[in-house]
Amino acid sequence: MIRGFSAAFSLALLLLAAAAQAQDDAASSTAPAVAEDGGAVEAAPEDAEPTVRDYFRAIAIQFVRISPDGQRLAYVADNRLMAGSIAEGFHALKKFSANDNVSQYEWIGPSHLMVRLQSSNSRRATFAAFTVETKDGELVAGETQVFEAFGRILDPLPDDPAHVLFINSDVKDGNAFANVYRLNAFKEARTQLGEADRLNKSFNRASWFVLDQNKKLFLALDTWGSAPRLYQRSAGGTKWTQVWSGPADAQFYPVRLSRDEKKLYVLTDATTDRLVAAEFDLEAGKIGRIIHEDPITDVEDLVMSDRSGEPVAVVVTRDGLLDYVFFDAELERNLAAAAGQFEDSSLIITDLAASDASAVVYASSQTNSGTFYFCVFADVECGEIGPVRPWLEGEGLAATNTIEVPSTDGHTVFAFVTLPVDAGDDKVPLIVMPHGGPIGVSDDRHYSPDVQWLARNGYAVLRVNYRGSSGYGKEFMSAGMRQWGRGIEDDIEAATDLALARYERLDGERVCIYGASYGGYSALQSLVRSPERYRCAASFAGVSDLPLMFSRSVFRRDETLRELLIDMVGDPNLDLQELRDYSPVYNYRKISKPVFLAHGTADSRVDIEHSWRLERLLQMVDADVEMLALDDVGHGFTTLDEVESFYTPLLAFLDRHLRETPQ
């Protein structure tokens, strides 16, 4: 049970990625997302200075899971699947190829595991199922079976170790649909899923399914079109009856069915502005009791107890960090007692044992990127599993603070200011870093490699959850529509003014704006509209020509995405002049400050032509422009070599324009 993101959220992200036909998931990130390049974790010499690779490399430990009987743990480290316990130690069961990334794994029994491997060379995933055995005092992998398929594990069926429920998800004409299969994980290798194993033969439009207490298909969520619809299967039969239809564009994420099968616990905004945790009354066919509604942010997740079958907490965002609102007093006391062992750290439950007696927790602070622990509540004892970035231990990370900014449209905007460590009393230059998107993406105060690396190099960083950002409800998100270069930049400038007024260490004469994707557009357009604010601007994979988005990107090939883009920026057939008015490339003569452009030649989301066109035009008027074309790089970075090849010239550019005060 993952805490922080529900299975439904994972599905939504999976479908979004498929619909976008992207080569990576970095299109809307603040800055390039990267994957580890397969190298083993090696201890650096004690006096060695950390490099950009150390800040961006994949975490050393991930996916820590408790076995169904609560006796063992498993996790992934350096492409190895580890298993064991705090007392007996951990042993490597499997070493996977450097081309394979573990994207999911589950205990499918007390001594059985199933792993989903996503190869960088194929869209298909490889699934490996194997037993866990003890040999000569060590845990080893026993019987193994491997097959390839599209999809992921829907339910591990821990009481039936030989079988799993497997969900195969896809998108057709902009609509999501899924099929569910009951597979014998150890029976035979397969390269395609058989119709005989499919469970939803009588319902082919569902994007997600909910199981009853007997692990049978019980509810189906249909998201074809713009409105969610919920169907219920007849008892022991094949007939599906619609029990509810939500309003257009409502979010509706099933979490779990109640033990009596009369209620469905959900996250939804069908009757509210923000996502709330609620009970759906199956007998009445409507959303019933609101379990929790946060006054500021969306509810991130609903934490369920396997023991009681009831909700025990919700996950919310407080001051830019994940936090909990508890309904179970005992769990609240247990987590508080565990937190007492970690000074100045916050705890996130990443897995809760089926008995509720123990949990895997992630302890982190503003100056420490975090460590996994296994806590046994009865003993008030937490044993260390391992730090997520051991190579940065002892390297003081920069703390991030929150500011609340009154927006010009009446909303409150939250922004985050990170100040570099050990800058003394000297004023420091500021990097304003708008996130990508711009709609449906947001920043927070958790570890960011971009922010920490810039701070390590002496720069303060300001990030702004401007109108359109996710996590603050539908009204706030919709307020960002068609506000490219307008209301969004108003929010960024208001946050910059407030940060400069509140933090005396920030040097208002040395400010540069840098971002990726939409953040790159924002950086460039900010020089057009407010050149007096900035010394320079830097863009990675940034949009410079709004009309070009409709003809040189995935938006040209996908009608559904094209309609979404029209909603966000305008229709090129009706609003062409408006799109040009807010495009940096058509306002190049107004750009009077130095510009750094970086773009991947393999970017299918924002074609490199955006940067090439702007570079040529700026060169024509003898503007200070630097262009970095990154061969075979997409809309984000996938290797540490690519990260280094980008950040080395970027830092040189920033140093050149921000290290000296103006004469």
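The values are calculated or read from the model by the stated rules, or taken from the named source; none is laboratory data. Quick caveat, the model's predicted, so the values are computed rather than measured. Glycine also receives a Cβ, built like all others from the backbone with ideal geometry; neighbour counts cover every protein chain displayed. Surface areas here come from the heavy atoms of the whole protein model, side chains and all, with no ligands, DNA or RNA. Shrake-Rupley method; radii C 1.70, N 1.55, O 1.52, S 1.80 Å.
Is the shape of the stretch 559-663 rounded, prolate or oblate, going by the alpha carbon gyration tensor and its root eigenvalues a ≥ b ≥ c, with a/c under 1.5 for rounded and a/b larger than b/c for prolate?
On the way: a/c = 2.37, a/b = 1.28, b/c = 1.85.
In terms of gyration-tensor shape, oblate.
What does the accessible area of residue 446 come to, in Å² to the nearest 10, when a probe of 1.4 Å is used?
50
Between the stretch 481-527 and the stretch 591-645, how many Å separate their Cα centres?
With the stretch 481-527 and the stretch 591-645 each reduced to a Cα centre, they are spaced 20 Å.
Round to the nearest 10 and report in Å² the accessible area of residue 601, as given by a 1.4 Å probe over the protein chains' heavy atoms.
Rounded to the nearest 10, the figure is 60 Å².
Rounded to whole Å, give me the distance from the Cα center of the stretch 142-170 to that of the stretch 209-258.
22
How many nm is it between the label spots at residue 576 and residue 602, if each spot is 7 Å from the Cα in line with the beta carbon?
Each label point is offset 7 Å from its Cα along the Cβ direction, giving 3.5 nm.
Take 535, 116, 456 and sort them by solvent-accessible surface of the protein heavy atoms, 1.4 Å probe, largest at the top.
Values: 535 50, 116 25, 456 80 Å².
Result of the area sort, largest leading: 456, 535, 116.
Where the only charges are on Cβ atoms (+1 Lys, Arg; -1 Asp, Glu), what is the dipole of the chain about its Cα centre, to the nearest 20 debye? Could the numbers behind the result be given before it?
Numbers: 63 positive and 99 negative charges, 410 e Å.
Around 1960 debye, computed over the chain.
Calculate how steeply helix 487-502 sits against the longest principal axis of the alpha-carbon atoms of the chain, using the helix alpha-carbon long axis, and give the answer as 0 to 90 degrees to the nearest 10.
That works out to roughly 80 degrees.
From a point 7 Å beyond the Cα of residue 616 in the direction of its Cβ, which residues of the stretch 586-601 have a backbone N at a distance under 14 Å?
Under 14 Å, as judged by backbone N against the label point of residue 616, lie 586 of the stretch 586-601.
Hey, got the dipole for the stretch 220-291? About the Cα centre, +1 on K and R Cβ, -1 on D and E Cβ, debye to the nearest 20?
220
Give the lysines whose C-alpha is closer than 16 Å to that of residue 135, dropping any in the same chain fewer than 8 places away, or say none.
Here the lysines satisfying the reach criterion relative to residue 135 are 94.
Probe radius 1.4 Å, ligands and nucleic acids ignored: give me the carbon and sulfur share of the accessible area of the chain as a rounded percent. Walk me through the numbers before you get to the answer.
Values: 12650 of 27300 Å².
Result for the chain: 46 percent of the exposed heavy-atom area is carbon or sulfur.
Would you be so kind as to identify which of 238, 248, 267 lies farthest towards the positive end of the dipole of the stretch 227-278, taking Lys and Arg as +1 and Asp and Glu as -1 on Cβ and the Cα centre as origin?
Towards the positive end, the residue furthest out is 238.
Starting from the stretch 556-663, pick out the GluC sites (Glu not before Pro) whose DSSP state is loop and whose Cβ has at most 16 other Cβ atoms within 10 Å. Please report the intermediate quantities before stating the final value.
Numbers: sites: 559, 563, 578, 609, 615, 626, 642, 644, 660; in loops: 660.
Hits after loop and neighbour filter: 660.
Taking the Cα centroid of the stretch 71-129 and of the stretch 363-397, what is the distance between the two, rounded to the nearest whole Å?
21
If each of residue 507 and residue 474 carries a label point 7 Å out from its Cα toward its Cβ, how far apart are those two points in nm?
The two pseudo-label positions are separated by 4.8 nm.
Leaving out ligands and nucleic acids, and using a 1.4 Å probe, what accessible area per residue does the chain come to in Å²?
On the way: 27300 Å² over 663 residues.
That works out to 41 Å² for each residue.
In degrees between 0 and 90, to the nearest 10, how far off the longest principal axis of the chain does helix 329-339 point, with axes built from Cα atoms?
Relative to the chain, helix 329-339 is tipped by roughly 60 degrees.
Can you send over the solvent-accessible area of residue 638, 1.4 Å probe, protein chains only, in Å² to the nearest 10?
70
Could you tell me how many degrees, from 0 to 90 and to the nearest 10, lie between the Cα long axis of helix 518-529 and the main elongation axis, the longest principal axis, of the Cα atoms of the chain?
Relative to the chain, helix 518-529 is tipped by roughly 20 degrees.
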